[in-house]
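J.: This is the structure, below, for whatever I ask next.
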Amino acid sequence: MFSDVRRNVGMVLVLLLVVTIIYCFVSPAPRSLLIRLLFDKDARMKREAMAEAIPEVDVKIYTDLVYGDMDDALLDIYVPNNTQEKLPVIIWTHGGAWISGDKMDASPYFQLLADRGFVVVSINYSLGPKNLYPTQLQQLNVAHQYILDHADDYQMDTNSIFLAGDSAGAQLSSQMAAIITNPSYQSTFTFEPSLSAEDIKGMILYCGVYDMRILGSGEGIDSGIIAWGFKAATWAYFGENYDQNPEVYEQASSIRYITPNFPDTFISGGHGDGLTNMQSKPMAEALSDMGVSVTTLFYEDDHLPLHDHENQFILDADGFENFETMVSYIHQKLNE
């Protein structure tokens, strides 16, 4: 009898393994869950390290403000306590490969930024594969309208807005900017942008993705495991892999839709991050070729220490220098 039980249990386990393997091929969910766990762990470690690195700041944080109808339509607003005047607004969209991340991941960084005289708005948006593209763009647009509607409540000068983001958030922010500044591109979406081109003083883009076709296809990516991760994340975000619907990957590639009206841009990435040569530098070159004013912060290949993905949130000497360069860029745009 016991041998029969063991045999039956073994058959069930084998069946479960086969079903799991098949599921991995027909759905991005298992792979995206693994990526989310890894990304969330890294985000926690960076947040804790940032909290220890920043000096004491005097900032008021308004958390979990509801900007839309979906249960994840929440945002945080960071306002310096030492002034009552209206201040420039930095709207930051978080990273996490479109399937992970949270508006609080870089909270210490936003506190440091707000302490320098800005209102920082950090936005949550729906994650794949639970909610698919272009839900996230529609949510950001609603959040932008919320900011316009509540500017007086949080000392926001909506004539001085910067769209910012890191990693997937840089992709989303750059795509929103392309939608806002390119009428032909805008017409391919079903929503009317809340912000106008005149509202946006500049862009702040860290470690971003601007050509989604490369990530979806894996073309030119040397590492098999990295290509696997990119394909899994984009499949979970779009609901279809590249071979099934290359058109949607092209639509989400902001580098394809920039015009001379695209906002002036600060763009940066670590020299140990494969996305820098693959995405950030080509985006900077494309913007420059289009006549857009571009401020870059890239490192030489032999620079030490080596800066990986999301290096701006590592607040060592280079991290603080990076921060100051970004703040100088903001002031430059405000004074023009």
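The values are calculated or read from the model by the stated rules, or taken from the named source; none is laboratory data. On a predicted model such as this, the values are computed, not experimentally measured, just so you know. Cβ coordinates were reconstructed from backbone atoms using ideal geometry, including for glycine residues, and neighbour counts include every protein chain displayed. Ligands, DNA and RNA are stripped out before the accessible areas are found, and what is left, the full protein with its side chains, is counted by its heavy atoms. Shrake-Rupley method; radii C 1.70, N 1.55, O 1.52, S 1.80 Å.
J.: Quick check on my filter: what residues within the stretch 304-314 are closer than 19 Å to ALA170 by Cα and either exposed (fewer than 15 other Cβ atoms within 10 Å of the Cβ) or among the β-branched types (Val, Ile, Thr) (or both)?
T.: Scanning the stretch 304-314 gives a single hit, ILE314.
J.: Working only within the stretch 177-208, note down all residues that are surrounded by 19 or more Cβ atoms within 10 Å (Cβ to Cβ), in a loop (DSSP other than H, G, I, E, B) and touching a Leu at 6+ places or on another chain (Cβ under 9 Å).
T.: LEU195, CYS207, GLY208
J.: Any idea which residue in the stretch 209-240 is farthest from GLY269 (Cα to Cα), counting only those that are assigned to a loop (DSSP other than H, G, I, E, B) and without any contact (Cβ under 8 Å) to a residue 60 or more places away in the chain?
T.: GLU240
J.: Moving on to the next point. Can you pull out the residues in the stretch 279-295 that are closer than 30 Å to MET45 by Cα and crowded, with 18+ Cβ neighbours inside 10 Å?
T.: GLN279, SER280, MET283, ALA284, THR295
J.: Considering only the stretch 103-125, state which residues are free of Cβ contacts under 8 Å to residues at least 60 places away in the same chain and closer than 22 Å to GLN145 by Cα.
T.: LYS103, MET104, PHE110, ALA114, VAL119, VAL120, VAL121, SER122, ILE123, ASN124, TYR125
J.: Residues of the stretch 315-336 being open to solvent by 20 Å² or more (accessible area, probe 1.4 Å) and either in a helix (DSSP H, G or I) or not acidic (Asp, Glu) (or both), which ones?
T.: LEU315, ALA317, ASP318, PHE320, GLU321, GLU324, THR325, SER328, HIS331, GLN332, LEU334, ASN335
J.: Counting just the residues of the stretch 245-259 that are part of a helix (DSSP H, G or I) and open to solvent by 30 Å² or more (accessible area, probe 1.4 Å), which one comes out nearest to SER167 (Cα to Cα)?
T.: ILE255
J.: Cβ-Cβ distance below 7 Å, separation of 6 or more or different chains: which pairs start in the stretch 173-194 with a residue that is more than 13 Å from HIS144 (Cα to Cα) and modelled with pLDDT of 95 or more and end on one that is outside any loop (DSSP other than H, G, I, E, B) and open to solvent by 20 Å² or more (accessible area, probe 1.4 Å)?
T.: Correct list of pairs: ILE179/GLN186; THR181/ALA197; THR188/GLN251.
J.: It is to be established whether one or more residues within the stretch 124-131 are out of contact with any helix residue (DSSP H, G or I) (no Cβ under 6 Å at 6 or more places or on another chain), basic (Lys, Arg) and either assigned to a helix (DSSP H, G or I) or modelled with pLDDT under 95 (or both).
T.: Yes, there is a match, as at least one residue in the stretch 124-131 is out of contact with any helix residue (DSSP H, G or I) (no Cβ under 6 Å at 6 or more places or on another chain), basic (Lys, Arg) and either assigned to a helix (DSSP H, G or I) or modelled with pLDDT under 95 (or both).
J.: Report the residue count in the stretch 45-74 for those that are touching a residue at least 60 places away in the same chain (Cβ under 8 Å) and under 12 Å from SER107 (Cα atoms).
T.: 6
J.: Further, regarding this structure: Of (1) crowded, with 19+ Cβ neighbours inside 10 Å; (2) of a type in the set (Lys, Arg); (3) closer than 24 Å to GLU336 by Cα, LYS86 satisfies all except one. Which?
T.: Only one criterion in (1) crowded, with 19+ Cβ neighbours inside 10 Å; (2) of a type in the set (Lys, Arg); (3) closer than 24 Å to GLU336 by Cα is unmet by LYS86, namely (1).
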